[in-house]
Structures are given as C-alpha cells and as structure tokens.
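Reading through the structure tokens given below for one structure.
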Amino acid sequence: MAQLQLSDLRKSFGPVEVIKGLDLDIADGEFVVFVGPSGCGKSTTLRMIAGLEDATSGTIRLDSHDVTRTRPADRGIAMVFQSYALFPHMTVADNIGFGLQLRKQDRAMISKRVAEVAETLQLTPLLARYPRELSGGQRQRVAIGRAIIRNPRVFLFDEPLSNLDAALRVQMRLEIARLHQRLGATMVYVTHDQVEAMTLADRIVVFNEGRIEQVGSPMELYEHPANRFVAGFIGAPSMNFLPVRVTGVQIESPA
Amino acid sequence: MADTLPATRFNPWPATIFTILCVLAVLFLLPTVGVLLSSIKTTREISMGELWSLPASLYLGNFAEVLGNPAVHQYFLNTLLVTLPATAVSITLGALAGYVFAKLPFRGSNVLFLGIVAGMFFPPQVILVPLFRLFNGIGLIDTLWPVIIVHSALGLPICVLMMRNFFATVPNALREAAIMEGASEWQVLTRVVLPLSLPALAVLATLQFTWIWNDFLWPLIFTQSDDKRTIMIGIVNLKGQYSVAWGVQGALSLVASLPTLLVFLFFQRFFIKGMTMGAVKG
C-alpha cells in the first residue's frame, strides 16, 4: 500500500524526448488507468515507475522515498506484462513462487504462500502444469499470482488483457476489479481500451505525445473534458466536432 | 474412404531424394565399414586379402592389443584433459558473452560482436607459426596447455554467435519479469535464459567436443613426447617401424570414435524445439 508521486518526470531516447515532464500524484489504494493513443508514452511511464527504464530527469517517489535510482526489485513493485512473461520451463507453482525462491525463503513457507495465492485465483488444480498447457486466461491469472505473492506496494499492469478474447476480457476485468477491492493496493493500469479505463479506474490519466492532457474520474473526463483532444478521445462513439461561428451569445453552424 | 480418393499424380521427388540420400549414406559409411573389416582381421589376412573381403574368422586380437596398451590409455586421458576443459571454457564464455550481446547491448557492442565472429575466418595455417613461437617463448611446448588454450579460443566465435542468436529468441519480457521478481542479471541468465537454451547448449557441446576430440593439427604442433600425445596422433604412432599395423590402427580408430558417438547420443535428447512455447502470448 503506497502512494506514488511523479514530479517533472522526463525520458529521452537519444535526441527524442518521449516523456515531456509529468507531474502526477497517485493516492494510496487508488486504481489509476493510463490511456492514450499508441506512442503517447503511457507504457514508457509505467516502465519507468517499474524501474525497467531509467528516467532521464525528474523523480519518482514511493511513500515520499525517492526511488528514481532504486533497483526494480527493491521498489516493492510488481508488474503484470501484456505477454504474461511466464517462465516456460517452470510449473505454475514455480512461476508463482519464483520471487520468493530468489529471496531464499523457506521452502515450506513458499509452498504455503503459493497454495494461498493459487486458492484465491482458482489455480490450485493447475499448480503442477507448465504454461504451455494453460489457456490464455489461466496464464493471465498465473501472471497475476506471481505479482501478488510478494504483497507488493504497487501493482503495475501493462495492457494485461489485450491478448485475451472479448468474453474472457470482460471476466478478467471483473477479477482485476475484485482483486483491487480485496487487496486495496495501489494499482496503475495501462490500456488503450476505453471500456477498461472507464469501468476500472478511480481516476483516468489521458496521455498524448508524452504529456498528460487531463487527470480525473471517468465521469469528470466524460462530462468535462479539459480540451479538444480529451473530448475526442473519451467516449464511444466519439464526439462530433463541427466548425461553427460565434455570433454574440449564439453559435451558428455553417452547414 | 481411401479408395474413393482420386489417384494423386506420381510425384518423383520423394523417391529421388530418398535415392540420393541412400547413395550419400553408403558413401559416408563405406570407409567406416572398411576400417571395421580391417580391425577384425589378422595382419597376415590383411596383407594377403583384399580390403573388402570378409574375414575368415572374427579376430579380436587387435582390440585386445589396443585396449591393453598403456600408451593408448595415456592418449585417451590426454584427449579428455584437452577436450573437456576446452569445451567447457568455450561454451561458458560463449554463453556469458552471448548474453551481453543479446540482452545488454552497449555502445559499440555490435562492432565487438562482429570482431569476435570474424575470428572464425582465420585459417589455422595463418596463426600456426606465431602461436608456436608464442608458446615456445613461454615454455609451454610439449604440455597440453597450448592445445587447451587454442581450442578454447578457436571455439569462441561459434559459441558466441550461437548463444547470442539463441538468446535473442528468448523474449525480453522474460528477463524483465525476472528482474521485477528480484533476479540479478546472473540469476536471469542461470535460472531463466540458460534453461531455455538447452538445445543450443547441446548442439554446441556436441560440436565442440567432436571437433576438439578429433583434432589432429594442434596437438601435433604443440606436443612432442609420446606421453603428451592425443588419441588422433596416437593412431598414427601405432604404426610399426617397418610395416603399417592396419588392424591395430583400425581397432583404435573405432575405439577412438566411440566417445564422440556417446556424446552425440547423450545430448541429442536436448535437441528439441519449442522450449519457449507458452512463455508469451496466448
């Protein structure tokens, strides 16, 4: 459980600045969704929070500790990858317990924790299987299990549902929402799917070209978009834009 | 069902390929058969008869002579002392360097990689005299050390190339997931990437072992005394002063080729595909 603070966070790849100064406060236990078009920097920001990318400048604070230069493992953050990234040569149990094994925890303790996690995710009958023997939804649940076993302070999700079929996506969305309710952990979730964003988020962060366009609850963004980009991005079908002429207190459509 | 299918047109290709492969197989096997036939004949029988005739009786004296000869034991020991460390060193260094080139590139790493791989293009004849002078200068001639060192070094380009290319097929997300779980780069390599690269390791181990075991040139250059010779030179040493001991040499040739065969049989079970299946995507 932690609050997360980004201040003037920037990232450049060579001469190209892809994240152009982000300021964002995420409260303890909040579910924040990053949305935006492809290449807007939402995944890069998530990877910087995880520690997989170094920030060029700016700071990332976790519970007001500066973690900008901290190793990913020492940040207490877990990440669920779009591709699940399960270790194919390990069983489900070993995949889930991998982080604890690396910390040289007691074997009996690991299997107890693995059993608990498997129970909550309905993975118990699958513990001895290998990832190749699982369906997409089951793999996704294993990836989530690997994330929750260490009781991380922050969960990061990088488009976790985009490889699932539509029906399964709805179901997994529900499971993630339940997980958030049960754990009460801070979660940051990247998606390009508006429905996921609108249904899961406490607050949505709209990204565009390396900047934050607007931050707000789903309904705030929907009812009061801050600018034309957010207005056009949120809502399906998307908002119509008409060129008009302002005449006094009235507007007049030329068409 | 089957008899209602329309007659498919005769396709000559499978039969042609099969015939060509059979001819090639026979061509490759003939020398071995020749050696096998000589090894079970007496010297008298060899000098009288033709190479390809079957022996009158199964004579195992050649094998007994080879297996009982202390010099042969020394040859085997020397060859193992060269082959095992050189194989292990080149594959270990190949895996370490390959991991860096595949997963942790740095400025100039591609040029360095090309430089290492370019090492393959030096013919041994070019480096032979300088290497001899070098090892002579530091007093290592007539020991096994130069053979081990040179084989480790010559194995590096192929090992680095193979391991880098195989590691490149292991998804980056797996490395990142392991790092998120708290793995160091060393743990990523040993616990995630290497277990997934068993096919590449098996291929390299087989290749390197066979190549070093069968090598004739380097031990010939760097060793002189009989108790430092390796098995392939030992085969030549077994010829008599006035005559060639075809039978004994044939027997030793067969015995000497057994380890490479065993290594191949041992490692071939790792030559499997699809190890990374199920890692990513659905």
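Across chain A, the relative contact order, built from alpha-carbon pairs under 8 Å that are at least six residues apart, equals 26 percent. Take the Cα of B:L140, step 7 Å toward its Cβ, do the same at B:L77, and the gap between the two points is 2.2 nm.
Non-local lysine pairs in chain A, meaning eight or more places apart or on different chains, with alpha-carbon distances under 25 Å, amount to 4. Each residue of segment B:78-92 is assigned a 3J(HN,Hα), and the resulting list reads 4, 5, 5, 5, 8, 5, 5, x, 5, 5, 5, 5, 5, 6, 4 Hz, derived from the Karplus form 6.51 cos²θ - 1.76 cosθ + 1.60 (θ = phi - 60°), x at Gly and Pro. Rounded, prolate or oblate: pick one for segment A:39-96, where a ≥ b ≥ c are the square roots of the eigenvalues of its C-alpha gyration tensor, a/c under 1.5 means rounded, and failing that, prolate if a/b is larger than b/c, else oblate. Because a/c hits 1.5 or more and a/b fails to exceed b/c, segment A:39-96 counts as oblate.
Label sites at B:Q268 and B:F18, each approximated as a point 7 angstrom past Cα along Cα to Cβ, lie 2.1 nm apart. For segment B:209-217, backbone phi angles converted through the Karplus equation (6.51, -1.76, 1.60; θ = phi - 60°) give residue-by-residue couplings of 4, 4, 5, 6, 4, 8, 5, 10, 5 Hz, Gly and Pro being listed as x. Between A:D28 and A:D54, the contour length at 0.36 nm per residue exceeds the alpha carbon distance by 7.0 nm.
Against chain A, whose longest principal axis comes from its Cα atoms, helix A:136-148 is set at around 80 degrees.
Inter-chain Cβ neighbour count for A:78-86, averaged per residue, equals 6 (cutoff 10 Å, partner chain atoms only). Karplus-based coupling profile of segment B:178-188, in residue order and whole Hz: 5, 5, 4, 7, x, 7, 7, 4, 4, 5, 4, with θ = phi - 60° in 6.51 cos²θ - 1.76 cosθ + 1.60 and x standing for Gly or Pro. Per residue of A:87-96, other chain Cβ atoms within 10 Å of the residue Cβ number 4 on average. For A:R129 and A:R182, the difference between the fully extended length at 0.36 nm per residue and the C-alpha to C-alpha distance is 16.4 nm. Ordering of B:252-259, B:82-89, A:126-133 by packing is B:82-89, B:252-259, A:126-133, highest average first (other Cβ atoms within 10 Å, averaged per residue).
Using the alpha carbons alone, the radius of gyration of segment B:63-113 stands to its Kirkwood radius in an Rg to Rh ratio of 1.40. In this calculation the C-beta distance from B:A88 to B:K239 is compared with R0 = 30 Å, giving a FRET efficiency of 0.35.
Normalised Debye scattering of segment B:78-228 at q = 0.11, 0.15 Å⁻¹ gives log10 I(q)/I(0) of -0.49, -0.81, counting only Cα atoms as equal scatterers and leaving out solvent. A P(r) calculated from all alpha carbon pairs of segment A:119-251, with 10 Å bins opening at zero, reads 10, 34, 29, 15, 8, 3, 1, 0 percent. Classify chain B from the C-alpha gyration tensor, please: rounded if a/c falls under 1.5, else prolate or oblate depending on whether a/b exceeds b/c. Oblate, because a/c is 1.5 or more while a/b does not exceed b/c. The amide H of A:I19, built 1.01 Å from its N in the peptide plane, has A:K11 as neighbours under 5 Å, considering only residues 5 or more places off or on other chains.
Surface exposure of segment A:17-85, expressed per residue as accessible area with a 1.4 Å probe, stands at 35 Å². Can you give the calculated 222 nm mean residue ellipticity of chain A, where each DSSP H run of n ≥ 4 adds -39,500 (n - 2.57) and the sum is split over every residue, rounded to the nearest 500 deg cm²/dmol? Calculated at 222 nm, the ellipticity per residue is -10000 deg cm²/dmol. Among beta bridges identified by DSSP and lying wholly in chain A, the antiparallel ones come to about 60 percent. Take every DSSP beta bridge whose two residues both sit in segment A:69-213; close to 20 percent of them are antiparallel.
Considering only the Cα atoms of segment A:51-202, their convex hull presents on average a projected area of 9.8 nm².
Between the helical axis of B:246-267 and the longest alpha-carbon principal axis of chain B there is an angle of about 20 degrees. Between B:L114 and A:N227, the modelled label-to-label distance comes to 4.4 nm, taking each label 7 Å out from Cα in the direction of the beta carbon.
Rg ratio for chain A: its Cα radius of gyration over 2.2 N^0.38 Å, N being its residue count, equals 1.12. Counting Cβ atoms of other protein chains within 10 Å of each Cβ in B:164-174 and taking the mean gives 2.
Rounded to the nearest 5, what is the percent of antiparallel bridges among the DSSP beta bridges in the protein assembly as shown? Around 60 percent antiparallel, to the nearest 5.
Estimated purely from DSSP H runs of n ≥ 4, each contributing -39500 (n - 2.57), the mean residue ellipticity at 222 nm for chain B is -21500 deg cm²/dmol once divided by its residues. Seen against the Cα atoms of chain B and their longest principal axis, helix B:124-137 is set at about 80 degrees. The packing ranking of peptides A:198-204, A:78-84, A:221-227, highest mean first, is A:78-84, A:198-204, A:221-227, where packing means the average number of other beta carbon atoms within 10 angstrom of each residue. Between amide H atoms placed 1.01 Å from N, distances below 5 Å from A:E213 occur with A:V206, A:F207, A:N208, all of them 5 or more places distant or on a separate chain. Using the Cβ-Cβ distance between A:R107 and A:E220 with R0 set to 60 Å, the FRET efficiency from 1/(1 + (r/R0)^6) comes to roughly 0.75.
For the protein assembly as shown, the Kirkwood radius over C-alpha pairs fed into Stokes-Einstein at 4 °C and 1.567 mPa s yields D = 45 µm² per second.
GNM remark for chain B: springs join alpha carbons under 10 Å apart, and the peak mean-square fluctuation among B:D142, B:D226, B:D215 falls on B:D226. Highest-first packing order for the peptide set B:175-181, B:66-72 is B:175-181, B:66-72, based on the mean count of other beta carbon atoms within 10 Å.
The values are calculated or read from the model by the stated rules, or taken from the named source; none is laboratory data. Since the structure is predicted, the reported quantities are computational estimates derived from the model, not experimental observations. In this analysis, Cβ positions are derived from the backbone assuming ideal geometry, glycine residues included, and neighbour counts consider all displayed protein chains. Protein only, heavy atoms only, side chains kept; ligands, DNA and RNA dropped before computing areas. Shrake-Rupley method; radii C 1.70, N 1.55, O 1.52, S 1.80 Å.
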